[in-house]
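Working notes for the structure below.
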Amino acid sequence: MFERERVAFYLASRSLRRGSRTSLLLNVAILALVFTNMILLPSIISGSVELFNQQSIDFQTSDIQVRPLEGDQYIGRTAALLETVNRVPGVRRGSARYGIGATILARNRSVSVPVTAIDPRNEVEVTKIHEHMQDGEFLSGGERGEVLIGQFVAGNEDTRKDLFASLGGVRVGERIEIAFANGVTRPYVVKGVYETRSYITDYSALITWDELESLLGTEVDQSTEVLVKADRGADVDEVKTALFEAGVQEEVKTWREAITTTVEESIKTFDVIISISTFVSLVIAVVVIFIVITIKAMNQRRQIAILKAIGIHPSTIIRSYLIQVFAICTLGTLLGLVMVGLLGAWFTANPLVFPDGVVVPQFESTALVENTVWLFAASMAAGFVPAWRITRENIISAMRAG
Amino acid sequence: MIRVEGLRKSYRMGEVEVRALDGVTLEVREGEFIGVTGPSGSGKSTLLHLIGLLDEPSGGSISIQGIDALALLDDERTRFRLTRIGYIFQDYALVPDLTALENVVLPALELGVSERQGISRATDLLGRVGLAERVDHLPAELSGGEQQRIAIARALVNSPALLLADEPTANLDSQASTMVLELFASINRELGQTVLMVSHEEIHRQYFGREIRLRDGRVATDGIASG
């Protein structure tokens with residue numbers, strides 16, 4: 001049992017040990033680069049997705065988002081809902097938001113953005129916008145006549161630098177006007193400019209709940225959404241279930257469910273890019289291994305014929321080539337893992353800076369395992385074909401040709 | 001031990017059909033040392049290839065130890081070569097990445113012998129062919145005569161019924177040739193090993209017990225060698 005494997009290993013180990021070192025190292029290096037290439041792009045994309053997820057939690061949805069039921073515009077009896085939410089085990093804090101469409105006017109320019117009314121004392125518990133003030137200060141409770149605007153709303157004096165239509169470089173302390181969708185137009189002082197790097201968040205404005213009530217001329221007990229922050233370490237799905245059990249009847253979504261539709265399309269696109277990149281990498285690996293084994297087997301045609309002539313079974317010879325491919329793949333993968341590790345350390349120290357944030361590549365173990373399996377499978381197939389072809393040749397023809 | 005009847009081998013060179021063997025019939029008895037001689041192109045090597053099951057004949061039959069060798073399937077032919085035939089090539093045909101010892105051990109390992117037993121057997125054989133001190137050398141580090149002696153040891157490692165040698169001294173100087181021929185003779189004499197050797201050197205006839213002379217793919221003469 002395993003006699004052929006034993007002889008194949010005997011032949012392969014000596015061929016690797018005593019064959020050309022340069023050729024072996026070159027093959028290992030190529031496979032290491034292929035492996036690194038297969039891992040790096042998906043890891044950068046995973047890092048981007050992770051950044052997007054984190055930005056969504058930190059600035060838009062918090063851990064759980066409660067929204068009006070389909071067909072309703074608002075959540076009614078918001079104060080009572082908040083009381084209920086805050087009593088649920090696993091909930092750190094709930095914060096109501098009221099979004100209203102508006103056009104902000106300043107410096108003879110105007111931008112139409114959503115303005116969101118918040119209770120600053122609750123908001124700082126559920127989002128992290130307050131930690132990303134580019135200039136000025138975050139809102140505090142009870143303020144009126146003051147507004148926070150995102151960096152894209154403020155814009156640059158040189159508007160050619162703007163990604164979106166902006167107010168042309170409005171600064172903290174500057175007076176602006178906001179024309180709300182309900183027909184009211186009011187002057188405001190810019191209290192702060194926030195820069196979260198989330199496009200959606202940075203193209204919006206925030207006012208206090210008191211300002212909203214003044215604007216609507218009545219006490220407001222409804223909201224367009226309630227964001228819920230879970231306790232550290234709490235399972236958001238369990239908290240969501242607990243909210244329902246506590247009697248919350250609105251639409252409740254975890255952050256992942258809330259962003260799914262937005263991100264789904266992006267992830268699909270990313271998956272296509274990853275698939276193409278992986279396919280190209282595998283083609284490179286297959287071509288390299290195919291060429292290496294073809295050249296090796298062609299150069300050893302006579303030797304293969306001799307081995308067959310002295311009674312070594314062709315499958316033993318094929319196995320010996322496959323063991324060599326396996327060894328090259330193993331060494332290539334190990335070197336690739338070292339390279340991926342070094343790149344990971346380097347990118348952690350020097351993250352990739354994108355306009356929407358800082359991306360640290362996420363090296364996922366499933367991707368590592370999947371790509372390793374693919375690389376081995378493709379390489380073994382690429383090594384098998386030339387070895388199989390050449391061992392099928394007639395012994396005498398191969399001996400003469402070799 | 002070997003019975004060859006009406007063996008034919010022809011192949012095409014462009015439009016022309018070349019008959020390398022044209023109805024060879026012969027018999028080899030156990031323990032004989034037979035020289036297959038004849039001019040170039042007479043079919044000596046072709047005959048050896050066919051008896052060694054390295055090639056397929058166009059017609060005829062080959063029986064070795066009572067087994068119809070041509071009826072064997074591919075896998076059975078490979079096994080047959082491993083267990084019953086030892087083949088020695090003109091250019092030694094050693095595996096360059098293996099040492100002298102490893103080259104000799106290899107067929108034994110394929111047969112299923114343990115590495116320890118294989119090494120012991122190979123070491124004995126290498127000692128017998130006078131290479132006890134060279135077991136760890138690669139073929140490239142050895143002379144032609146030494147390489148051919150390793151090839152002989154490799155051919156003997158599985159104790160084959162038949163030793164086939166295709167002009168084993170063609171690439172050797174006279175001193176090395178004599179050493180190799182003496183070795184064949186002693187193996188034949190002391191072990192009772194059946195040897196079938198192709199040669200075109202007149203001087204080799206003195207070593208043969210019997211000589212089969214081929215001409216134009218046919219047996220021209222078959223009798224006691226008159227060296």
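The values are calculated or read from the model by the stated rules, or taken from the named source; none is laboratory data. Since the structure is predicted, the reported quantities are computational estimates derived from the model, not experimental observations. So basically every Cβ, Gly included, is an ideal-geometry build from the backbone, and we count neighbours across all protein chains shown. Remember, those area values only see protein heavy atoms, side chains included, never the ligands or the DNA or RNA. Shrake-Rupley method; radii C 1.70, N 1.55, O 1.52, S 1.80 Å.
For the pair A:Val283 and B:Glu5, label points projected 7 Å from Cα toward Cβ lie 6.0 nm apart. Taking every DSSP helix (H) stretch of at least 4 residues in the protein assembly as shown, weighting each as -39,500 (n - 2.57) and dividing the sum by the residue count yields a mean residue ellipticity at 222 nm of -15500 deg cm²/dmol.
So, taking all protein chains as they sit and a 1.4 Å probe, how much accessible area belongs to A:Thr22, in Å² rounded to tens? Using a 1.4 Å probe on the heavy atoms, I get roughly 100 Å². Averaged over its residues, chain A has an accessible area of 48 Å² per residue, based on protein heavy atoms and a 1.4 Å probe.
Each Lys or Arg adds one and each Asp or Glu subtracts one; over the other residues with Cβ under 14 Å from the Cβ of A:Ile118, this totals -2.
The C-alpha atoms of chain A define a longest principal axis, and helix A:365-391 lies at about 20 degrees to it. Ordering B:Thr169, B:Leu50, B:Leu7 by Cα displacement along the dipole of chain B toward the positive end leaves B:Leu7 in first place; charges were set at the Cβ atoms of Lys, Arg (+1) and Asp, Glu (-1).
Provide A:Arg14, B:Arg128, A:Arg121, A:Arg232 ordered by accessible surface of protein heavy atoms (probe 1.4 Å), highest first.
So, going from the largest accessible area down, we get A:Arg232, A:Arg121, B:Arg128, A:Arg14.
Each Lys or Arg adds one and each Asp or Glu takes one away; over the other residues whose Cβ falls under 14 Å from the Cβ of A:Pro314, this sums to +4.
Got a sec? Which residues in the stretch B:71-85 would a label at B:Glu56 touch, if it sits 7 Å along Cα→Cβ and we count backbone N under 18 Å? Residues passing the 18 Å test: B:71-81. Taking chain A as the reference, fit the longest principal axis to its C-alpha atoms, fit the long axis of helix A:3-18 to the helix C-alpha atoms, and give the angle between the two in degrees, 0 to 90, nearest 10. For A:3-18 against chain A, the angle is about 80 degrees. Considering only C-alpha atoms, what is the centroid distance from the stretch B:1-27 to the stretch A:133-197, in Å? One Cα centre to the other: 100 Å. Placing a label point 7 Å from the Cα of A:Gln134 along the Cα-to-Cβ line, the residues of the stretch A:143-162 whose backbone N sits under 15 Å from it are A:148-162. For the pair A:Tyr74 and A:Phe9 in one chain, pulling the backbone fully straight at 0.36 nm per residue adds 16.2 nm over the alpha carbon distance. Tell me, what is the 1.4 Å probe accessible area of A:Thr224, in Å² to the nearest 10? Around 30 Å² of this residue is reachable by solvent. The long axis of helix A:78-87 is offset from the longest Cα principal axis of chain A by roughly 50 degrees. Karplus-based coupling profile of the stretch A:36-50, in residue order and whole Hz: 4, 5, 5, 8, 5, 4, x, 5, 5, 5, 4, x, 5, 5, 4, with θ = phi - 60° in 6.51 cos²θ - 1.76 cosθ + 1.60 and x standing for Gly or Pro. Mean sequence separation of contacting Cα pairs (under 8 Å, at least six apart), scaled by the length of the stretch A:323-402, corresponds to a relative contact order of 35 percent. With a Förster radius of 60 Å applied to the beta-carbon distance between A:Ile273 and B:Ser114, the computed FRET efficiency rounds to 0.65. Note on B:107-114: average number of Cβ atoms from other chains within 10 Å of each residue's Cβ is 5.
Once both labels are positioned 7 Å from their Cα atoms along Cα-to-Cβ, the gap between A:Thr330 and B:Glu141 label points is 2.6 nm.
Take every DSSP beta bridge whose two residues both sit in the stretch B:2-224, then give the antiparallel share in percent to the nearest 5. Mind showing how you got there, number by number?
Details: 23 of 40 bridges.
So the antiparallel bridges in the stretch B:2-224 amount to around 60 percent.
With a 10 Å cut-off around each Cβ of A:302-310, the average count of Cβ atoms from other chains is 6. Note on chain A: antiparallel DSSP beta bridges, both residues inside, total approximately 80 percent of the bridges counted. Computed about its Cα centre, the charge dipole of the stretch B:160-227 is approximately 260 debye, with only Lys, Arg, Asp and Glu carrying charge at their Cβ.
Taking 35 Å as R0, compute the FRET efficiency from the Cβ-Cβ separation of B:Asp173 and A:Phe2 and round it to 0.05.
Numbers: r = 44 Å, r/R0 = 1.25.
Approximately 0.20, to the nearest 0.05.
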